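Reading through the structure tokens given below for one structure.
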Amino acid sequence: MTTDLSDFIHGLPKAELHVHIEGTFEPALMFAIARRNGISLDYPSVQALQDAYRFNNLQEFLDIYYIGANVLIHEEDFYDLTMAYLRRCKEQTVVHTEIFFDPQTHTDRGIAFDTVIRGIQRALEDGKGKWGITSRLILCFLRHLSEEAAFQTLEQARPYREWICGVGLDSSELGHPPSKFERVFKQAEEEGYLLMAHAGEEGPSAYIREALDILGVVRIDHGNRCLDDEALIQELVERQIPLTLCPLSNLELKVVQNLSDHPVKRMLDQGLLATIHSDDPAYFGGYMHENYLRTAESVGLSRQDICQLAVNSFRASFLDDSNKEMWIDRVKTYCADSG
Ligand code: ADE
Ligand code: ZN
């Protein structure tokens, strides 16, 4: 039976591999938490706040994103934030999610690492219990801060090692190459963390090369700019290094000028292990469903392409092999039954 494209994407099992928990902070929840914490936001209403969400580049977004995060104070706040995101996953058939969190955004304001991670972790456990959503938690170092600060963060994470599967690198990319974090990534690798980094979002393809060769990452977040370097593309294809793309983020941050220019289809056609995710859905106009649907419509993805993206999302995940295969089989069955 052929279904409507939106219904088809809705029911397709998907894995989210690139989402910042602080970027899921919806304005309505931000106002509610600000109120209960006795904090006043600089905007008079949810609408006024949303109207400020117009960005010309990554930095303009980050400036407002870090301000929003300031209202998160108590463990309960991090719990509510994470539960609200998991509810969206449930509604959109996102069955597995790998979530970034930015501890330094909070510890630098005097919020304990323990408060942040306990709130998030408790929600992840409840999301699994209530809805069966599986998850991983990934600690991101803020790259505009020093390597020394990243080392301190890694140290703070040590008591919670079993809750954190990997480390990543986010925030302002230009001027902060992966090589700045060579030693702390080495240390994280020795402690058994999986490694990944944002690279080639605004920064050049050379940053992707550094992330691979100097940091030793197993996954590249974004990676759009790899298309500037033929040898790099070849290596990414051969090694099947995942690129976790975020089309609506790319549109809102002017990484692409039109969604129809998005390279996801060209990447799939070249054999790259491309996947689609939401990045900061509360700021960029959509969660997984909207990212898949609007991209499919604008770029002209076939149902086969969409199925490939869902298969890729599980292949690129940190699930164990048997769960990967189980979900890939389910995606294939779903596509065969409803294509
Ligand atoms: N932090 C949150 N979203 C980000 C993005 N798209 N790039 C870099 N850092 C981020
Ligand atoms: Zn990101």
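Odds and ends about this structure:
- Over the stretch 2-338, relative contact order from alpha-carbon pairs under 8 Å, at least 6 apart, %: 20 percent
- Net length gained if the chain between Leu5 and Lys90 were fully extended (0.36 nm per residue, minus Cα distance): 28.7 nm
- Remark on the chain: Cys89, Cys140, Cys165, Cys226, Cys246 stand apart, with no other cysteine beta carbon under 4.7 Å.
- Two-site FRET efficiency, Met326 against Ser260, from Cβ-Cβ distance with R₀ of 25 Å, rounded to 0.05: 0.10
- Kirkwood Rh, angstrom, the stretch 224-330 [1 / mean 1/r, Cα pairs]: 14.2 Å
- Computed over the chain, the P(r) tail beyond 36 angstrom holds 14 percent of alpha carbon pairs.
- Inter-label distance for Lys130 and Trp163, nm, one decimal - labels placed 7 Å from Cα along Cα-to-Cβ: 1.8 nm
- The number of Lys pairs in the stretch 2-338 with C-alpha atoms less than 25 Å apart, excluding pairs fewer than 8 positions apart on the same chain, is 17.
- For the pair Glu147 and Arg118, the difference between a 0.36 nm per residue extended length and the Cα-Cα distance amounts to 7.9 nm.
Just so you know, all these numbers are worked out from the coordinates, no wet-lab data involved. Just so it is clear, the model here is predicted, and its values are computed rather than measured. Glycine gets a Cβ as well: all are built from the backbone with ideal geometry, and neighbour counts include every protein chain shown.
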